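None of the figures in this text is laboratory data; all of them are computed from the coordinates on show. Note that the coordinates shown come from a computational prediction; the quantities given were computed from them, not determined experimentally. With ideal geometry, Cβ positions are generated from the backbone for all residues, glycine too; neighbour counts draw on all protein chains shown.
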Ligand code: SF4
């Protein structure tokens, strides 16, 4: 388990309501953000942000794919990682 996984372990999307029309993706998403995770289920996909601890909507995934470098949540995640691993 990576340190990112350990860091976010307590923040996983417990009990999040998945609304298929806004969360399901029919092509595998891709982002260079280290906090971006993809879950495959029955030929479709969902993406999760390990900082937010929840699945992302389709609109959010597009931002993670294209604008991950400037994402404010990524900055928060990186800072929290640094603080937990001085
Ligand atoms: S919301 Fe930001 S921190 Fe979370 S996966 Fe997307 S780019 Fe990364």
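List of remarks:
- By average C-beta atoms within 10 angstrom, highest first, the peptides 53-62, 68-77: 53-62, 68-77
- Counting beta carbons within 10 Å around each of 48, 81 and listing the fewest first gives the order 81, 48.
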